[in-house]
1. Mind counting lysine pairs for me in chain A? Cα separation below 21 Å, and the two need to be 8 or more apart along the chain or on different chains.
2. In debye, nearest 20, what is the charge dipole magnitude of segment B:87-213 about its Cα centre with +1 on Lys and Arg Cβ and -1 on Asp and Glu Cβ, if you could check?
3. If you average the sequence gap of Cα pairs under 8 Å that are 6 or more apart and divide by the length of chain A, what percent do you get for the contact order?
4. Could you work out the percent of alpha carbon pairs in the protein assembly as shown separated by over 35 Å, rounded to a whole number?
5. Among the aspartates and glutamates, which have Cα under 13 Å from the Cα of B:Lys123 when same-chain residues fewer than 8 positions away are ignored?
6. Which aspartates and glutamates does B:Lys100 reach when only Cα atoms under 20 Å apart count, and residues fewer than 8 places away in its own chain are ignored?
7. Pop out the carbon and sulfur fraction of the accessible area of chain A as a percent, whole number, probe 1.4 Å.
8. Mean 1/r over all different Cα pairs, inverted: what Kirkwood radius does segment B:164-207 give, in Å?
Amino acid sequence: MFKKFQPSTDIAGHTPVKSSIQRSIRASVLSQWKIEPETLEAIWPKKEGLIHVKCREHISIYTVHGEPLIFQHFDGPFYPTLKLLHKYPYILPKVQVDRGAIRFLLAGAHMMCPGLTSAGGYLPPADAALPAGSPVAIHAEGKEHAVGVGITKLGTEEMRKVNKGVGVETATYLGDDLWALQTL
Amino acid sequence: MAPKKGQAPPPAAPAAAAPDADAPPPPEPVPPVSVLYCAVCSYPPEYCEFGAHLTKCKEWLKEEHPDLFDKYYSDEALQTKVGTLSLEAQTKLEKDVAKKEIKAEAKADAALKKKMASQIIIKRIERNKRKHITSVFGLEAFGIDLKKASKQFSSKFATGSSVTKNPQGLEEIVVSGDVSDEILEMIENEVGVLKGIPADNVELVEEKKKKAE
């Protein structure tokens with residue numbers, strides 16, 4: 001999503017978000033992420049208005065004090081930016097890819113099922129299976145911090161069964177243009 | 001002789017006003033994990049090996065955080081890393097990284113050269129017979145925030161100054177009034193945000209209004 005992203009050409013405008021919409025964003029973030037209201041309050045104080053940065057291809061980035069925190073594609077789920085995820089690593093469920101896949105992930109590729117199901121990979125166990133279309137933190141084998149944020153294209157159980165093709169679609173990853181963007 | 005230190009312990013902080021002993025403590029926001037980022041490639045240091053500046057990253061980490069350097073690049077760590085990947089893939093990865101590094105260096109070199117060669121054009125444009133505006137073009141190549149520079153110009157000269165797109169779609173600063181010499185001087189003296197510009201790269205141009213067509 002952010003492999004090529006230039007603030008000068010890809011941003012259509014900044015607008016402050018209406019407080020009623022902020023409330024609904026806050027509610028859906030709380031329901032979508034595993035985050036306590038207090039922590040969210042610390043990241044994004046109620047008093048500070050959210051700024052909606054509209055970008056091409058229906059991407060919206062929400063910033064607080066110019067720092068991008070949340071982004072969204074069309075009406076999809078809210079994703080935290082990778083920097084936010086590094087600070088609060090538990091807010092999204094975790095999947096892990098094996099070492100061989102890191103190289104491709106850092107080049108912006110989507111994550112294929114075999115990389116997630118192999119010995120170095122990790123998928124949530126069957127009793128915590130994720131359905132398709134849930135945002136996940138992509139971790140890497142032998143690494144401490146997340147390397148990307150993505151969305152599952154298949155349910156985790158399905159990934160185990162099919163073991164072929166795209167399992168997790170990468171939304172943002174370490175070193176892409178959103179990562180390089182400190183402030184907006 | 002007992003040194004001074006143990007003398008008067010600071011009065012114990014007033015017990016954090018506990019409203020009710022029975023009530024569960026008010027939920028506290030979870031403090032963020034502080035993550036160290038490499039100053040060279042901006043990745044967390046554990047990912048430097050996939051970046052384009054591994055050698056430089058290593059140097060930086062060794063200097064700033066020797067303990068982490070040992071953690072990531074000691075022989076042991078390297079051994080365990082290789083263990084999880086086939087040897088073939090590992091050598092391929094190393095080769096790729098080396099290649100990338102060379103590429104990145106060349107790119108950085110080229111960018112620097114381009115930066116040094118890029119020109120700043122200060123243009124005096126005639127508005128009316130006796131009125132002029134001054135446009136400054138090319139400041140952004142030297143990493144100068146155009147908005148800030150324009151603000152600086154307007155407060156310095158007490159005139160209007162704005163960042164506008166020129167017909168080519170590139171941004172330039174337009175200052176009202178003929179201030180081209182003053183701006184040149186400011187660039188030479190590196191006033192305010194105008195830093196790091198070699199004076200040789202600045203060019204003064206005059207543009208007369210075209211005769212009525």
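The values are calculated or read from the model by the stated rules, or taken from the named source; none is laboratory data. Model, not experiment: these values are computed from the prediction. Note that we place each Cβ from the backbone using ideal geometry, even for glycine, and neighbour counts take in every protein chain shown. Just so you know, the surface numbers come from the protein's heavy atoms only, side chains and all, with ligands and any DNA or RNA stripped out. Shrake-Rupley method; radii C 1.70, N 1.55, O 1.52, S 1.80 Å.
1. So the count works out to 25.
2. I would put it at about 560 debye.
3. Taking the mean separation of contacting Cα pairs over the length of chain A, I get 22 percent.
4. 47 percent
5. The reachable aspartates and glutamates, counting only those whose Cα sits under 13 Å from B:Lys123, are B:Glu172, B:Asp178, B:Asp181, B:Glu182, B:Glu203, B:Glu206, B:Glu207.
6. Within reach: A:Asp176, A:Asp177, B:Glu46, B:Glu49, B:Glu59, B:Glu88, B:Asp109.
7. So the carbon and sulfur contribution to the accessible surface is 56 percent.
8. 11.9 Å is the Kirkwood radius here.
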